[in-house]
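Each reported figure results from applying straightforward, stated rules to the coordinates on display, with no laboratory input. The structure presented is a predicted model; accordingly, all values stated were derived computationally and were not measured. Positions of Cβ are generated from backbone atoms using ideal geometry, with glycine treated the same way; all protein chains shown enter the neighbour counts.
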Amino acid sequence: MGNFYLKSADEQREASFRRLTKYIEEVIYPYHPYYRKMFQENGIKPSDIRKPSDLLKIPVTNKDDYRPDPIAFIVQPKVPGREAKYDTGKISGKFLAKYAAQSIFNYPRDCADLYRVNFKEGFAYRKIGRRLALEWNPIHFHASAGSTGDPTPAVYTYRDLHVPVKETASAFWAGEHVKWDIRALNIFPGAPHLAFFQVIMGKWLGGASGFDTFGGSIVPTKRQIQLFSEGGFAALIAIPSYLVYWLRRAVDMVASGEAKPLENLTMAICAAEPLTDSLRKHIKDLAARAGGCEDFRLVQGYGMTEMKVAFYECHENSNIHLNPKYFYWEVVDPETNEPVPEGEPGVLVFSHIDWRGTTFLRYSTGDFIARGIKWERCPHCGLTYQMMYPSIMRAKKDFTKLKGTRVALMELISAVRDTNGVYQFQAILDKEVEGDEFSRDMLIIRLAVQDGYDADSVCGDVRKNVKGRTEVTPDRIIVEQDKEKLELELFAKTGIKAEYVVENRPIHL
């Protein structure tokens, strides 16, 4: 079979689509409750999907399709002795023959049978039933961070973890500067979401070394910094906003002598929030002040609960490497859902390939990719991927109308953050009369100023920068004296991501 990631772009494009059509025919159409019903209602047969343009026959799936019945998105063949909840097909003889062969040769090796030899169970249940369960039975789920207030789960089977997750998560090793013995400190908060479990699964299945702090509420930030400097760690894995907070504490502790300089800090992997150029520069400046290596690298990750795995750059600014073996990627026009040419902006859509558990076809991420995706060989790792070119923003959520002007929220955030003297901030979108949807929009900015800067001058520069980049002038800037309190309040809603923009208006577009 060879290395899938060494194929040329054209070879890989063809192979990826071929794997998708086989997956639709052998797994999705017979065993997926939602898509089986949708195919039948729309008169679609697997044989109708012969070329990439035929995928347009399959409607794009959105979170609103998934949220009402997540269980209907779990592939679940009918098996003997189990009551079926949905009208799916019976497990095929091809799969049963595979399980029989695996049972006879005990390959892949399974140890459970060692402990059931004295039970009066037949070969079909004890051996074949076990193999069937390893492939189809859900064993783990986690959910989205729930920033919308309505988390959505993703279900994994044993096979998911040991086939697609193991291979895709091992892409961490694609970085030339990532050594086999590198040790990483995971400072993602411990919670049932992908950002945390991706690191756990990647470490165990990919053979990486690390320690999981479960976030500042479990291991205080001060202790995390001491652990890093004393424990031989070289990498950090974090949400960008928390990494800023963490490095600021590290700078203070190094300056006061509470911690040694972070001389081994060579890289940080950031995910779960956009990593803009200005934020990247700010983090690198903080890392240098904390004593990090001169060649400190910041690598961006990207993922979401529905994908079931995350993806990374192999090298700083190498762009996100989207896996083409276990996913089929498209970029579509946000209004028409029609595919756009390679390298053109649009909304990212994906289809799973060869997964079990929760699976999707043509699922809209809702993420607008400014420079689209391209199928090409990476000049850094030498492997072929579909490369995703940031910036990345929510197609709808990251824009708002403010005083009649369409404002990109990332531009608003960057305009404040890029201002010299800004330590931390939060923008509040409100109405002049509280609760009155017809009153005038208000933009209020809460600001913590760095020591040594004049607050009035910083406020003036913030007002100027926001006006210049968003065409909207802040109505009020509130200088907060307690910097620590403001930083903690940023994480108060989810405990995971900083809430830089608060929407208080009763109705907004």
Rg followed by Dmax, in Å, when the chain is reduced to its Cα trace: 24.9, 81
Determine the relative contact order of the chain: mean sequence separation of Cα pairs under 8 Å and six or more apart, normalised by residue count, in whole percent. 13
Mind checking the full-extension length gain between Ser8 and Ala124? Use 0.36 nm per residue of separation minus the Cα-Cα distance, one decimal, nm. 37.4 nm
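Would you kindly state how much longer the chain becomes between Glu471 and Glu41 on full extension, computed as 0.36 nm times their sequence separation minus their alpha carbon distance, in nm to one decimal?
150.0 nm
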List the relative contact order of region 117-183 as a percent without decimals, with contacts defined as Cα pairs under 8 Å and 6+ residues apart. 24
Tilt relative to the chain, helix 221-230 - C-alpha long axis, 0 to 90 degrees, to 10: 70
When only DSSP loop residues count, what GluC sites (Glu not before Pro) in region 1-107 have their Cβ near at most 12 other Cβ atoms within 10 Å? Glu83
If I take R0 = 60 Å and measure r between the Cβ atoms of Asp295 and Ala101 in this structure, what FRET efficiency does the formula 1/(1 + (r/R0)^6) give, to the nearest 0.05? 0.75
Considering region 177-313, what Rg and Dmax in Å follow from its alpha-carbon atoms? 13.9, 44
By what distance, in whole Å, do the Cα atoms of region 399-503 stretch along each of the three principal axes, largest value first? 40, 31, 23
In the chain, taking the dipole from +1 charges on Lys and Arg beta carbons and -1 charges on Asp and Glu beta carbons about the Cα centre, the listed residue (Tyr158, Ser278, Pro339) farthest towards the positive end is Tyr158
So, R0 is 35 Å and r is the distance between the beta-carbons of Lys403 and Asp451; what FRET efficiency does that work out to, to 0.05? 0.55
Near Ile182, within a Cβ-to-Cβ distance under 13 Å, what is the net charge of the other residues, with Lys and Arg +1 and Asp and Glu -1? +2
Only loop residues by DSSP count here, and only those with at most 16 other Cβ atoms within 10 Å; note down the chymotrypsin sites (Phe, Trp or Tyr not before Pro) in region 51-117 that meet that. Tyr86
Cβ-defined net charge surrounding Val331, 13 Å radius [Lys, Arg +1; Asp, Glu -1]: -3
May I ask you to derive the FRET efficiency for Glu411 and Lys222 from their Cβ-Cβ distance with R0 = 30 Å, giving the value to the nearest 0.05? 0.30
In region 259-326, the GluC sites (Glu not before Pro) that fall in loop regions by DSSP, at most 14 other Cβ within 10 Å: Glu263, Glu294
Value of relative contact order over region 282-355, rounded to a whole percent, pairs C-alpha under 8 Å and six or more apart: 20
Straight distance only, please: which lysines reach the Cα of Lys179 with their own Cα at less than 19 Å, same-chain residues fewer than 8 apart left out? Lys166, Lys203
If Lys and Arg each add +1 and Asp and Glu each add -1, what is the summed charge of the other residues whose beta carbon sits under 12 Å from the beta carbon of Ser278? +1
Cα axis of helix 194-206 to longest principal axis of the chain: angle in degrees, 0 to 90, nearest 10? 60
Ranking Phe123, Phe311 by Cβ neighbours within 10 Å, fewest first, what do you get? Phe123, Phe311
Under the Kirkwood approximation applied to all pairs of distinct alpha-carbon atoms, what is the hydrodynamic radius of region 251-321 in Å? 13.3
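How much length is gained on full extension from Ile200 to Glu484, taking 0.36 nm per residue of separation minus their Cα-Cα distance?
Values: separation 284, 0.36 × 284 = 102.24 nm, distance 2.97 nm.
The span from Ile200 to Glu484 would gain 99.3 nm if fully extended.
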